1. Take segment 351-378 and flag every residue that is open to solvent by less than 10 Å² (accessible area, probe 1.4 Å) and over 16 Å from Pro195 (Cβ atoms).
2. Got a sec? Which helices (runs of 4 or more DSSP H) wholly within segment 205-317 have at least 1 residues that are among the acidic types (Asp, Glu)?
3. Return the total of residues in segment 109-126 being on the phi < 0 side of the Ramachandran plot and open to solvent by less than 10 Å² (accessible area, probe 1.4 Å).
4. Go through segment 30-149 and tell me which helices (runs of 4 or more DSSP H), entirely inside it, have 2 or more residues that are among the aliphatic types (A, V, I, L, M) and more than 23 Å from Ala193 (Cβ to Cβ).
5. Kindly indicate whether any position in segment 174-190 is assigned to a loop (DSSP other than H, G, I, E, B), among the aliphatic types (A, V, I, L, M), modelled with pLDDT under 95 and surrounded by fewer than 24 Cβ atoms within 10 Å (Cβ to Cβ).
6. Does segment 234-249 contain any residue that is surrounded by 24 or more Cβ atoms within 10 Å (Cβ to Cβ) and either at pLDDT below 95 or more than 18 Å from Leu287 (Cβ to Cβ) (or both)?
7. Under 16 Å from Glu120 (Cα atoms) and modelled with pLDDT under 80, is that true of Glu38?
8. Looking only at segment 342-361, which residues are among the charged types (D, E, K, R) and more than 20 Å from the chain's Cα centre (by Cα)?
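The values are calculated or read from the model by the stated rules, or taken from the named source; none is laboratory data. Note that the coordinates shown come from a computational prediction; the quantities given were computed from them, not determined experimentally. Here the Cβ positions follow ideal geometry from the backbone for every residue, glycine too, while neighbour counts run over all protein chains shown. Ligands, DNA and RNA are stripped out before the accessible areas are found, and what is left, the full protein with its side chains, is counted by its heavy atoms. Shrake-Rupley method; radii C 1.70, N 1.55, O 1.52, S 1.80 Å.
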Amino acid sequence: MGFLLVRKPRPRDEKPDLANWMRCFLSQRLSQPAAAAEETANAEGKAAGRREEEEGGGDDADHLVVMVNGLYGSSADWKFAAEQFVKRLPGKVYVHRSQSNYSKLTYDGVDLMGERLAEEVRQVVQRRRNLRKISFVAHSLGGLVTRYAIGKLYEPAMDETSSCDIDKPSDEQNVRDVGKIAGLEPINFITSATPHLGSRLNKQLPFLFGVPLLEKTAAGTAHFIVGRTGKHLFLTDNDDGKPPLLLRMVEDCDDGKFMSALRCFKRRVAYANVTYDHIVGWRTSSLRRQHELPKLKLTANDEKYPHIINVDKGNLEDHRQEGSVEDSLADSYEEVMIRGLTQVAWERVDVCFHKSWLRYNAHNNIQVRIHPINSDGEDVIYHMIDNFVV
């Protein structure tokens, strides 16, 4: 979501087009029937999955690491991180930088982007028959897209008869699901500066300074700027009378096995900027309520990672709900999402660039989107790699 701060060359020599630029800002992307849109997304995902130019790693590596960019981004955003993963984990990982959602395609909505990503992953797995394990590393909006995609890629270990199963006993919640993602064993699910709770009100979009009028205006107009993605981020979508997509993504339902997919990973990690990220707030990226935000000294605990100021290994919250999401809409949307997502344990890594010369670009620093401009975030990438379960 850092498109407001840094621009870069578009993939495949795409040239700026004034007409397209004005269309993005003055009108919503023309909609098409859901079935046709999904078919188009699958075709685009297949095409991206067949391209090998954005991949790296040993041919014998059996662990696929899929890196996913954010809003108006591209595969180039993860170039530095991908190189470091391959360099520091030689022969152990095969890194694929997603190419199916870039530039204006990221305005199509979390669901269509997720469909593209899911098909792209299927194509990569089909090409590389030696793969046995899979992990995801996603930045900003890419984290939401990845959560949707894994819900589509999830393969249960046994038949599931319920289309919406959120009332599992607490003792079952503590047992890791043994299902697979695209036929592979799921290991790491890592997000950095991802708006897991959306960008709706409550200072979740920091550059609006928490001014209610600005936040309400943004919620009502975001779709004019970033299409269906804006509706999803601000939870203003109402497709066929359904609850907003981000609410549906905190449980298993007909749209996808979203929570079963998350549950089957060995570890889930949320890297979050404590401050200076004007695109994604601390609470939404770290999956915390306001009173759960720790009071931290803005100093590193380990000199090896000067911008990592807190690591919370996380405890599973037993939020057993009495009903489905539809029955819980009387609660705040944010609370519903937190209760849903914390059915599984998350590691939370708090990051702060307050001593960085480019501190106000924290949203891009945390990913090292452009090296060396965002090089202050190198230690964050190294922290990901050093704690990566291979």
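1. Matches in segment 351-378: Cys352, Phe353, Ser356, Asn365, Val368, Asn374, Gly377.
2. Answer list for segment 205-317: 212-233.
3. 9
4. Qualifying helices (runs of 4 or more DSSP H): 34-49, 110-127.
5. Yes: segment 174-190 contains one or more residues that are assigned to a loop (DSSP other than H, G, I, E, B), among the aliphatic types (A, V, I, L, M), modelled with pLDDT under 95 and surrounded by fewer than 24 Cβ atoms within 10 Å (Cβ to Cβ).
6. Yes - at least one qualifying residue is present in segment 234-249.
7. yes
8. Across segment 342-361, the qualifying residues are Lys355, Arg359.
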